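Undergrad: The following block contains the structure, expressed as structure tokens.
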Amino acid sequence: MNLFNRYHNDDGIIFGKIIIDAAIFIASWIFISTLWPFYTVPTGTRGVITQFGAIKGIEAEGLAILPPWQKLALFSIRAEQADIENAGGSTSDTQPVSVSMTVRYSISPDKVSEVFEKYSHNGDLSSYVQTATQEIFKAVTAKYTAPDLIAHRAQVSSDIGSALREKLAMYGAQVINIDMRNFSFSDSYMHAINEKVTQEQLRLGAENKVKTIQAEQQGKVAIAEAEATALKAKADGEAYANLTVAKAQAASLQVQNDALAKNKDVLELRRIEVEMAKAQKWNGALPQAIYAGTPIPFLQMK
């Protein structure tokens, strides 16, 4: 028998049967939904089992079978993101500073029960993360002067990260990473910094120019000193050569004088030989004029 014949007869539509069947269907649906024991815990979540509002356990990913008097709430442990725009702070030298940050975090799997009970039923702690990040940013920037905050930005980021990890651990969350952006000071201070940088660049340029001129002058001095050293070396060489020649000549004369002094008899013999040679060539005629010191020929009388 089909539905048409069930709900129709010769008198028309049988509304009583329709109402009865609808009521039976609704009651069956409610009964099955209430007593259905099978649940699925998707990937990246945990199932929080509650019984009359009290937490009775945590189900991991997969199939969960529960009795009718227990309920299953899905709790995300995936990475969540909290954006903090224009968090404000002040440096130790009272310079206002602001920053925008993005903090990525997730709930520690072993803290699901605690977070579900105290802070969130779905794993969203963005409001806690935003508040904690702003507080920590103020505390960290207050430890640095404005110039140090600029010069040691990596250390500042590390300090913020360490403090935030410790803070969020109290809420059962673990920090994945922190992105800092739009790190800025007041317009007046930034203008002063730019002016200082410009002046510093000009100063360095002037120092480099002075160093270049000094290097050129030192080069010229070095060349002049080298030339003077070369001329002095040349003059010293010539003087030394002349001195050496003079010493050699003096030594030669000394040798000759010593030789002559040691051989006086040889000299006398040579003089006699010269006189004998002159006597042999004499023709017997006396000189017409005799000057003082002129030797007179020896005449042997027989």
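Undergrad: Could you count how many residues in the stretch 93-119 are modelled with pLDDT under 90, at negative phi and polar (S, T, N, Q)?
TA: Result for the stretch 93-119: 2.
Undergrad: With respect to L125, is the statement that it is surrounded by 15 or more Cβ atoms within 10 Å (Cβ to Cβ), of a type outside the set (K, R), in contact with a Phe, Trp or Tyr (Cβ under 9 Å, 6 or more places away or on another chain) and free of Cβ contacts under 8 Å to residues at least 60 places away in the same chain true? I'd like the intermediate steps shown before the answer.
TA: Values: surrounded by 15 or more Cβ atoms within 10 Å (Cβ to Cβ): yes; of a type outside the set (K, R): yes; in contact with a Phe, Trp or Tyr (Cβ under 9 Å, 6 or more places away or on another chain): yes; free of Cβ contacts under 8 Å to residues at least 60 places away in the same chain: yes.
In short, yes.
Undergrad: Restricting to the stretch 147-188, what's the tally of residues that are small (G, A, S), in contact (Cβ under 8 Å) with a residue 12 or more places away in the chain and farther than 28 Å from D124 by Cβ?
TA: The qualifying residues number 2.
Undergrad: Please go through the stretch 80-104 and pick out each residue that is closer than 30 Å to T43 by Cβ and either acidic (D, E) or surrounded by 13 or more Cβ atoms within 10 Å (Cβ to Cβ) (or both). Can you show your working first?
TA: Let us first name the residues in the stretch 80-104 that are closer than 30 Å to T43 by Cβ, namely 80-84, 101-104.
Those that are closer than 30 Å to T43 by Cβ and either acidic (D, E) or surrounded by 13 or more Cβ atoms within 10 Å (Cβ to Cβ) (or both): E80, A82, D83, I84, M101, T102, V103, R104.
Undergrad: Check Q199 against each of (1) surrounded by 17 or more Cβ atoms within 10 Å (Cβ to Cβ); (2) at pLDDT below 90; (3) in a helix (DSSP H, G or I) and name the one condition it does not meet.
TA: Only one criterion in (1) surrounded by 17 or more Cβ atoms within 10 Å (Cβ to Cβ); (2) at pLDDT below 90; (3) in a helix (DSSP H, G or I) is unmet by Q199, namely (1).
Undergrad: Which ones in the stretch 47-66 are touching a strand residue (DSSP E or B) at 6+ places or on another chain (Cβ under 8 Å) and loosely packed, with under 13 Cβ neighbours inside 10 Å? Before you say what the answer is, go through the steps one by one.
TA: Initially, the stretch 47-66 is screened for residues touching a strand residue (DSSP E or B) at 6+ places or on another chain (Cβ under 8 Å), giving 47-51, 55-66.
The answer is A60, G62, L63, I65.
Undergrad: Considering only the stretch 204-217, I want to know if a residue exists there that is among the basic types (K, R), modelled with pLDDT under 90 and surrounded by 12 or more Cβ atoms within 10 Å (Cβ to Cβ). Show your work before the answer.
TA: Here is the first cut: in the stretch 204-217, the ones among the basic types (K, R) are 209, 211.
Narrowing further to those that are modelled with pLDDT under 90: 209, 211.
Next, from what is left, pick out any that are surrounded by 12 or more Cβ atoms within 10 Å (Cβ to Cβ): none.
No, the stretch 204-217 has no match at all.
Undergrad: For the subset of the stretch 67-79 comprising residues that are of a type in the set (A, V, I, L, M, F, W, C) and within 22 Å of A173 (Cβ to Cβ), which member is surrounded by the most Cβ atoms within 10 Å (Cβ to Cβ)? Let's see the steps before the verdict.
TA: Step one: of the stretch 67-79, the residues of a type in the set (A, V, I, L, M, F, W, C) are 69, 72-75, 77, 79.
Still in the list and also within 22 Å of A173 (Cβ to Cβ): 73-75, 77, 79.
Numbers: A73: 14, L74: 17, F75: 22, I77: 18, A79: 13.
It comes out as F75.
Undergrad: Could you list all residues from the stretch 140-157 that are within 17 Å of the chain's Cα centre (by Cα) and basic (K, R)?
TA: R153
Undergrad: Still on this model: Considering only the stretch 76-92, I want to know if a residue exists there that is in a strand (DSSP E or B) and within 18 Å of Y39 (Cα to Cα).
TA: yes
Undergrad: A follow-up question, please. Exactly one of these conditions fails for T131: (1) of a type in the set (V, I, T); (2) in a helix (DSSP H, G or I); (3) touching an Asp or Glu at 6+ places or on another chain (Cβ under 7 Å). Give me its number.
TA: (3)
The values are calculated or read from the model by the stated rules, or taken from the named source; none is laboratory data. Remember, predicted model here, so these are calculated numbers, not experimental data. When we count neighbours, we look across all protein chains shown, and the Cβ atoms used for this are built from the backbone with ideal geometry, even at glycine.
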